[in-house]
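Below: one structure, written as structure tokens.
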Amino acid sequence: MRLSVLMFIGTFYVAALNTVLAAVAGTCTQGDAGRLYGVVFSILLYFIALITMRFSITMRRELLFILPALPVVMWQTIFSARLSFDLLWNGAAACTFLMGPGPAYPPSGGEMFFAVAWPAMALMVILGLAMVWRALPKSPTA
């Protein structure tokens, strides 16, 4: 397997794993939602993965390798939409959203960043995959 294929697959999976960990792993000690800043690392990894894949020769095979990660992409899209809605529309603190029903947490100070960065990441991944899918070479007609 070529290095670009391995780089794409590896960075795509690490970005997906980082997204899940940033959203669900950790606590909101004293209202600190700093784990959501992991989205910055995920954006960088997804960007590298999509650029690597876009200029790869074996795009079809690479798309097959990332099929198991597509449910995570769908989950992060839904999660980011819910996060943005709660932070912007309902005015909730990030920790109140993350920890669910229970005591209200004070704002962490990064709510506006989270409300923009998470949906931007989800949109970037979906549009990037669509761009790669569209760039697939057409199969020859018989």
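Rule-based calculations on the coordinates, nothing more; no lab input. What you see is a predicted model, and the numbers here were worked out from it, not measured in a lab. Cβ: placed from backbone, ideal geometry, glycine included. Neighbour counts: every protein chain shown.
Kirkwood hydrodynamic radius, computed over distinct alpha-carbon pairs, for the chain: how many Å, to one decimal?
About 16.1 Å, per the Kirkwood formula over Cα pairs.
Hey, how many Å between the Cα centroid of segment 1-46 and the Cα centroid of segment 70-111?
If we compute the Cα centre of each part, the gap is 17 Å.
Scan the chain and hand back the longest stretch that contains none of the trypsin sites (Lys or Arg not before Pro) lying in DSSP loops with at most 15 other Cβ atoms within 10 Å.
Longest run free of exposed loop sites: 3-137.
At 7 Å along Cα-to-Cβ for each site, give me the label-to-label distance between Trp75 and Arg61 in nm.
2.9
Can you tell me the FRET efficiency between Ala135 and Tyr37 if r is taken as the Cβ-Cβ distance and R0 is 30 Å, rounded to the nearest 0.05?
It comes out at approximately 0.40.
Relative contact order for segment 1-97 using alpha-carbon pairs under 8 Å, separation at least 6, rounded to a whole percent?
Normalised by residue count, the contact order of segment 1-97 is 36 percent.
May I ask you to compute the full-extension gain from Arg2 to Leu88, defined as 0.36 nm times their residue separation minus their alpha-carbon distance, rounded to one decimal in nm?
26.6 nm
For the chain, set up a Gaussian network in which alpha carbons nearer than 10 Å are linked by springs, and say which option among Leu83, Leu21, Leu67 fluctuates the most.
Leu67
Helix-derived [θ] at 222 nm for the chain: sum -39500 (n - 2.57) over DSSP H runs of at least 4, divide by residue count, nearest 500?
Result for the chain: -21000 deg cm²/dmol, rounded to the nearest 500.
Can you tell me the equivalent ellipsoid semi-axes for segment 1-72? Use √(5λ) from the Cα gyration tensor, largest first, whole Å.
Working through the eigenvalues yields semi-axes of 29, 11, 7 Å.
Taking springs between alpha-carbon atoms closer than 10 angstrom, which of Trp118, Trp89, Trp75 fluctuates most in the Gaussian network model of the chain?
Maximum among the listed residues: Trp89.
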